[in-house]
Protein chains: 2
Amino acid sequence: MAMTNKLVFLMALVAATASSCSAWRPSIIRMPTAVEAAAEQLEQNVAAPVIHALRPLLGSGGLLGRRAGVPCDSWRLAVEAYNKRDWMTVPANCERYVGHYMLGGHYRRDSRVVVDEAIAYAESLKLAGNGKEVWVFDIDETSLSNLPYYATHGFGTKLYNATSFKEYVMEGSAPALPETKRLFDKLISLGIKPVFLTGRTEDQRSITVQNLRSQGYSGWDKLLLKPLGVKVTAIAYKSGERQKLQDAGYVIVGNIGDQWSDILGVPEGARTFKVPDPLYYIG
Amino acid sequence: MAMTNKLVFLMALVAATASSCSAWRPSIIRMPTAVEAAAEQLEQNVAAPVIHALRPLLGSGGLLGRRAGVPCDSWRLAVEAYNKRDWMTVPANCERYVGHYMLGGHYRRDSRVVVDEAIAYAESLKLAGNGKEVWVFDIDETSLSNLPYYATHGFGTKLYNATSFKEYVMEGSAPALPETKRLFDKLISLGIKPVFLTGRTEDQRSITVQNLRSQGYSGWDKLLLKPLGVKVTAIAYKSGERQKLQDAGYVIVGNIGDQWSDILGVPEGARTFKVPDPLYYIG
């Protein structure tokens with residue numbers, strides 16, 4: 001039964017793919033086609049009916065254990081689980097994989113599950129409602145997406161270029177990350193005040209405000225940018241700022257970022273959330 | 001070109017699948033067939049040539065944004081990145097997904113990348129070589145696999161059953177997790193002493209020693225089991241034991257576990273590693 005279904009599905013996909021090759025041209029913004037949707041569905045489901053033996057008993061990784069380069073999905077998992085640290089670039093063989101991850105539905109789906117969890121947590125809180133309860137938001141790859149830049153710069157496979165990246169930031173055109181935006185709006189409706197805490201520097205304040213506003217963010221309590229010339233690690237800088245918030249009487253009920261350096265370091269906040277980011281690492 | 005290759009590959013898979021249906025019977029232990037290998041390869045690669053638009057700009061999750069139940073790969077990522085906490089069971093709709101993950105090559109591949117990273121870290125250390133440098137290993141789902149149990153108990157979708165699980169443990173038949181075993185042996189060759197620190201209790205000492213030995217583990221420095229009747233959280237218990245190690249002059253250069261409660265809590269160890277575990281959560 002399962003086999004029959006799978007065959008029918010595969011053959012339908014082959015047919016669908018063949019009949020729409022002429023439509024395979026990139027465009028700047030469009031919805032996924034039925035073929036893409038089918039390919040993604042296949043990616044998720046095709047191997048599920050396979051009956052596996054308990055291969056770990058053999059101590060064998062199987063026929064596909066080693067491919068050329070690092071296995072990109074395992075590399076991404078290692079990044080997200082903080083096993084992989086201090087990396088400079090996405091492995092060269094993973095450019096296509098990361099591009100597909102970011103631009104397909106996968107990144108969005110992963111982000112949605114994180115935000116669903118964050119909202120469930122926020123809704124479960126017994127709030128004092130004294131205006132001192134805050135939630136810390138990182139900006140880049142958490143609240144705003146720099147994907148338009150990275151999509152034309154090798155999806156993280158090239159070394160960071162401060163000049164061209166800063167030029168992009170100064171355009172003020174980074175789109176909102178819609179799942180984080182959903183959390184942001186929800187928190188405001190619950191009476192929890194958002195505080196932006198970013199590694200962006202003070203000279204980028206006005207373009208950052210403009211970018212956030214143009215993307216629909218409003219009602220934040222503070223926007224903390226890094227003073228020019230501060231030379232400490234991201235962990236040290238951000239924990240220091242969170243400590244100042246606490247010292248000023250704020251209660252950090254939540255903290256969300258795309259980097260582990262956003263959410264590690266005392267005081268972390270009562271609960272932390274990491275949104276995915278396979279594009280770059282900040283220590 | 002890419003399209004043509006994809007068509008050829010899909011058609012070859014259809015043909016291969018059709019011609020070997022009669023071979024699709026479960027057996028206890030066997031290597032993956034060519035069809036399984038092809039299906040897994042497909043799962044990894046099929047959607048990669050798709051050209052995506054910058055869909056986050058639209059604020060849309062795409063056609064496949066919501067399926068029945070939680071998206072299982074995103075759920076697993078949220079577990080590994082410590083976004084999902086205090087969960088009791090694997091979502092019911094993810095039983096097949098988790099089974100495929102654990103029994104196919106994916107779990108092994110993810111574990112290999114973690115251990116490769118751990119070995120690279122260990123090899124980079126400048127060791128004092130004074131016999132006081134240790135590496136803490138959790139046991140269940142880190143050093144030994146209880147997959148034979150979970151494979152016949154719903155892959156984590158059923159509530160924990162202490163009685164039947166303990167019966168399984170007392171068989172002493174849990175297989176070694178080969179990637180962790182590779183790390184264990186490597187550390188011994190480097191002069192770093194493994195210390196097992198487990199939530200298993202003292203009454204399980206002799207079967208645990210027997211199980212570890214039968215699976216090829218040897219040369220550990222300590223096996224720390226929990227005294228009967230200790231009622232603290234896993235984080236509190238394990239950090240307390242690590243503190244005792246430090247107080248006794250040991251230097252914990254590394255710490256590996258499948259649960260965040262294995263690797264959180266001061267002192268964590270100089271560097272921590274999390275191996276995958278989508279089967280259960282211990283807080």
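So which residues in the stretch B:87-109 are charged (D, E, K, R) and closer than 19 Å to B:Tyr150 by Cα?
Across the stretch B:87-109, the qualifying residues are B:Glu95, B:Arg96, B:Arg108.
Does the stretch B:155-167 hold any residues that are within 19 Å of the chain's Cα centre (by Cα), touching a residue at least 60 places away in the same chain (Cβ under 8 Å) and more than 14 Å from chain A (Cβ to nearest Cβ), and which are they?
Within the stretch B:155-167, the subset within 19 Å of the chain's Cα centre (by Cα) is B:155-158, B:160, B:165.
Those still in the list that are touching a residue at least 60 places away in the same chain (Cβ under 8 Å) too: B:155-158, B:160.
The answer is B:Gly156, B:Thr157, B:Lys158, B:Tyr160.
Right, A:Glu133: modelled with pLDDT of 95 or more, within 30 Å of B:Ile119 (Cβ to Cβ) and touching a Phe, Trp or Tyr at 6+ places or on another chain (Cβ under 8 Å) or not?
So A:Glu133 fails the test.
With the condition kept exactly as written, say whether any residue in the stretch B:82-96 is of a type in the set (Lys, Arg), open to solvent by less than 50 Å² (accessible area, probe 1.4 Å) and in contact with a Pro (Cβ under 8 Å, 6 or more places away or on another chain).
no
Across the stretch A:185-221, which residue is surrounded by the most Cβ atoms within 10 Å (Cβ to Cβ) among those that are more than 14 Å from chain B (Cβ to nearest Cβ), of a type outside the set (A, V, I, L, M, F, W, C) and under 20 Å from A:Leu125 (Cα atoms)?
If we take residues in the stretch A:185-221 being more than 14 Å from chain B (Cβ to nearest Cβ), of a type outside the set (A, V, I, L, M, F, W, C) and under 20 Å from A:Leu125 (Cα atoms), then A:Pro194 is surrounded by the most Cβ atoms within 10 Å (Cβ to Cβ).
Mind checking whether some residue in the stretch B:83-104 is within 21 Å of B:Glu179 (Cα to Cα), touching a Leu at 6+ places or on another chain (Cβ under 6 Å) and at the interface with chain A (Cβ under 7 Å from one of its Cβ atoms)?
no
Tell me which residues, restricted to the stretch B:267-281, are assigned to a loop (DSSP other than H, G, I, E, B) and touching a helix residue (DSSP H, G or I) at 6+ places or on another chain (Cβ under 6 Å).
Residues of the stretch B:267-281 that are assigned to a loop (DSSP other than H, G, I, E, B), as a first pass: B:267-271, B:275-281.
Passing the criteria: B:Pro267, B:Arg271, B:Val275, B:Pro276, B:Pro278, B:Leu279, B:Tyr280.
I'd like to verify a number: residues in the stretch B:112-141 that are open to solvent by 20 Å² or more (accessible area, probe 1.4 Å) and of a type in the set (Phe, Trp, Tyr), how many?
Of the residues in the stretch B:112-141, 1 are open to solvent by 20 Å² or more (accessible area, probe 1.4 Å) and of a type in the set (Phe, Trp, Tyr).
Considering each residue of the stretch B:222-247, count those that are open to solvent by less than 40 Å² (accessible area, probe 1.4 Å) and free of Cβ contacts under 8 Å to residues at least 24 places away in the same chain, and give that number.
Residues that pass the stated criteria total 1.
Could you tell me which numbered condition A:Tyr250 fails, if it satisfies all but one of (1) of a type in the set (Ser, Thr, Tyr); (2) in contact with a Gly (Cβ under 9 Å, 6 or more places away or on another chain); (3) surrounded by 19 or more Cβ atoms within 10 Å (Cβ to Cβ)?
Exception for A:Tyr250: condition (2).
Can you report the number of residues in the stretch B:253-283 which are open to solvent by less than 30 Å² (accessible area, probe 1.4 Å), of a type in the set (A, V, I, L, M) and in contact with a strand residue (DSSP E or B) (Cβ under 6 Å, 6 or more places away or on another chain)?
Total meeting the criteria: 3.
Which is crowded, with 19+ Cβ neighbours inside 10 Å and of a type outside the set (S, T, N, Q), of B:Arg109, B:Arg182?
Values: B:Arg182 fails: crowded, with 19+ Cβ neighbours inside 10 Å.
It is B:Arg109.
The values are calculated or read from the model by the stated rules, or taken from the named source; none is laboratory data. The structure presented is a predicted model; accordingly, all values stated were derived computationally and were not measured. Please note: Cβ atoms are built from the backbone with ideal geometry, for glycine as well, and neighbour counts cover all protein chains shown. Side chains included, ligands, DNA and RNA excluded: accessible areas come from the protein's heavy atoms. Shrake-Rupley method; radii C 1.70, N 1.55, O 1.52, S 1.80 Å.
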